[in-house]
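The values are calculated or read from the model by the stated rules, or taken from the named source; none is laboratory data. Just so it is clear, the model here is predicted, and its values are computed rather than measured. Reconstructed Cβ throughout: ideal geometry from the backbone, glycine too, with neighbour counts over all protein chains shown. For accessibility, only protein heavy atoms count, side chains too; no ligands or nucleic acids. Shrake-Rupley method; radii C 1.70, N 1.55, O 1.52, S 1.80 Å.
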Amino acid sequence: MNKIKLENIAIALGTLFFVSFFSCKVELQTKYIEKQYAAPVTFLSSVNDDGSVSVSMATLTEGAAIFYTTDGTNPNAKSFKYTRPLVFTENVTVSAKAVKNGLEDSAVSSAVISISEKNPAEQDENGGAGDSTGGNGQSYNYKIDLSYLLIKQQSEESFIWKSGVKTEEYNNYIYNLDLTSAFINQYGRMPQTGEKVRVIWRGTCDKSLPESSLKLKLVDANTQTAEWGKARSDLTSFPEITANKDFIIDYIFTISSNPIEKVILNFTYSKQVLDSKITFKLSGLHSSFSKDFELAPSGDVIVNPHKGFVQYAWSPQYLSNKYWDATLASGKNPAWDYCSVVYTGTGWNYIQKGKNEYDWSKMDEMLELCGNSGRTLGWRIYPTNSIDGEKGDLVPEFIYEAGCKSVLATIKGTETKIRVPDWEDPIYLQACKDFADEMARRYDGDKRVEFIDIRCFGNWGEWHCSQLDGSEMPSAEIQKEMIAYYASVFKSTQLVVPSDCRGEVYEYALSIGVAKRDDGLIQIAGREDELAKCYSAGLPTVGENCDEYENMLKLVDSDRWHQKWTLERWKNVINTAHLTYYEMDRGGKCGYNFLNDNLDAVCEMNNKLGYNFEVTSAKLEYDDDLNLLLTVTVKNTGLAPAFFNFNLIADITDSSGKRTFMIDGVRRIKKGAFADGEEKTFVFYDSSDDLKKPLCDGDCICLGLYEDSEGEFPNVKFDNKNTLANNKLCLGRL
């Protein structure tokens, strides 16, 4: 590989580039003034063995991104992003700038890339044809896309090879394609002795053919002399062809003697081909092009996993009962259509019957019902419930039998007393940890589980004893110790603490990745500001109102603890807290009345909750060598990051969205790494010889967001028009 000299003179406020090419070692000289500007882009180039030029770009500003154009326009952040050396086979001017947050963009730098024009057939001193590569390092001099020419000549979607009754004609087993006009139009003349012609044929065949069933060579077609039909190149055979599978014939012929009149590509095929009436489909195949896709927001409500509205279900019947109109199974409650997460709860002693005795049947049934309906489940399991009066002690009896201390607390506003554990008793604390161990063993990492509340202390496990006179919460150190223990056994599933986990304990929970679920919204002023701390810590926020929708409408704004529900306050809570999840309603109507009264607002805020991905621009480039370059920009228009790992995959598909082949592997996006309001540009580049595939008319260029990169179809939808039924976004058709 020969090196090329680049001399660059760059000035930060107005860059001028002069590029010259010599066959000598690289010398790179750059001068710039860096004030508040990013350092300008410099270029380094080299000539490849095939005569093409590789161009690398760099900037001295660490962490800066480089954007470039090749069409004469000035680059910006929506231009192509430089990720790897570029390869050029034609003269081109490359313009680039460096971009970094906190700095002004660099001035635009430009480099003129000149490809050597030396005549490949230039003779040496002895009158020969020069070196076999054509004298300038190119492995071929002329390139003919045979598929394109066949389509142009046939002007139909398919053609059948000579499959009629055998005649006495000489060319009964021959198909000839005249390449003369292709050479004249593309190169101005026909190829000469020693020059090379590259022929590319892309297509499919409806039958399998063994190797050598088809053969190719270049011949002359001078009808006036004895040179007619004379071979002008070597002979090559087709490899084995598999029925209905794409194939590519890519072969370089060396011209053995000068054509006199015409250049004919001569197909010779076996009797098997003749008798089988085999059809080769070639129409719609594309030569090089560049295409910008037109994209627009969907304008629809997009329900996606791990975000959005939550419906409450206190038993499996909320999901499975077909006769109760408010349930999911009835099909009569549209509120479920906006729900991606189901939330439930139960007393501790309903799950744990003894020290090592558990009944998880309710959770398992609800998990199965949620999974079957495309939803996930969150839950709380709590030790006390003052609403149930004397029956509100929900701590498993074996814990008291083991010696756990307790108090008789009075339910506020009544004379009813309820047994409540001493929240600091070591026996009680160990039982809580043992229960966490078993729950994590069964459910940590289960993809059907959305989040789990830590509900060890206080009334309803809400970390307060405000309605239990005579009971006191444990110390802050014990509270933090319990949070830390849960976090140590739940390594995958998201944990949340309840609304009354506050102060230093709340800060500690956030510091180790435990989020918050607040059930005091709307009615209690300022709760959304407290919940926003969770968002600022890079964690999902879970919101619930103080009471049922109908009850909150009856309130009057009397003090900060009693605020009436209004639509404006509801929207403000969502925006201020950057909610990832929010309850639709918890009443017996399962959100039906709330949705009926506020349908437009639900539709408006649905896509704002959590993440919401919209493709804002996409460009596809496809060159003569079957290299693909797809550049897409995606923006998160939601209120929060995506708090799960997912994968972005680009496909070439048929019209139904079924993958034909994947472009350049998987782009993995880590949990929390795609922030709200952020735009990211992804580049897919496919240049590997064993991955090259032809593009055809009707092909779709599709993007998909997958939690499981091995999944057949995406499970996350883009907020764009032209999203297919299988959740893939069709950027456009060819």
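Things to note:
- Residue within segment 297-317 that is assigned to a helix (DSSP H, G or I), out of contact with any strand residue (DSSP E or B) (no Cβ under 6 Å at 6 or more places or on another chain) and within 30 Å of Leu495 (Cβ to Cβ) present: yes
- Qualifying residues in segment 484-513 (those that are open to solvent by 60 Å² or more (accessible area, probe 1.4 Å) and without any contact (Cβ under 8 Å) to a residue 40 or more places away in the chain) - the one nearest to Arg380 (Cα to Cα): Arg502
- Any hit, segment 418-433, residues being surrounded by fewer than 22 Cβ atoms within 10 Å (Cβ to Cβ), within 39 Å of the chain's Cα centre (by Cα) and either closer than 19 Å to Ile351 by Cα or free of Cβ contacts under 8 Å to residues at least 24 places away in the same chain (or both): yes
- Matching residues in segment 586-597 - criterion: being touching a strand residue (DSSP E or B) at 6+ places or on another chain (Cβ under 8 Å) and either part of a loop (DSSP other than H, G, I, E, B) or open to solvent by less than 30 Å² (accessible area, probe 1.4 Å) (or both): Arg586, Cys590, Gly591, Phe594, Leu595
- Any hit, segment 717-728, residues being in contact with a Pro (Cβ under 8 Å, 6 or more places away or on another chain), of a type in the set (Asp, Glu) and assigned to a loop (DSSP other than H, G, I, E, B): yes
- Considering segment 598-631, the residues that are free of Cβ contacts under 8 Å to residues at least 40 places away in the same chain and assigned to a helix (DSSP H, G or I) include one that is farthest from the chain's Cα centre (by Cα), namely Asn598.
- Residues of segment 334-362 that turn out to be open to solvent by less than 30 Å² (accessible area, probe 1.4 Å) and under 32 Å from the mean Cα position of the chain (by Cα), as a count: 8
- Scanning segment 448-462 for residues that are closer than 21 Å to Tyr312 by Cβ, in a loop (DSSP other than H, G, I, E, B) and either open to solvent by 30 Å² or more (accessible area, probe 1.4 Å) or in contact with a helix residue (DSSP H, G or I) (Cβ under 7 Å, 6 or more places away or on another chain) (or both) returns Arg448, Ile454, Arg455.
- Taking segment 642-669 as the range and being over 23 Å from Phe80 (Cα atoms) and at pLDDT 95 or above as the test, the residues that pass are Ala642, Phe643, Phe644, Asn645, Phe646.
- Matching residues, segment 676-695, being modelled with pLDDT under 85, acidic (Asp, Glu) and outside any helix (DSSP H, G or I): Asp686
- Output for segment 644-675, where each listed residue is in a loop (DSSP other than H, G, I, E, B) and open to solvent by 30 Å² or more (accessible area, probe 1.4 Å): Asn645, Asp654, Ser655, Ser656, Lys658, Lys670, Lys671, Gly672, Ala673, Ala675
- Scanning segment 368-417 for residues being within 30 Å of Tyr318 (Cα to Cα), of a type in the set (Gly, Ala, Ser) and surrounded by fewer than 16 Cβ atoms within 10 Å (Cβ to Cβ) gives a total of 4.
- Residues considered: Asp292, Asp275. Of these, the only one that is surrounded by fewer than 16 Cβ atoms within 10 Å (Cβ to Cβ), under 30 Å from Ser212 (Cβ atoms) and modelled with pLDDT under 95 is Asp275.
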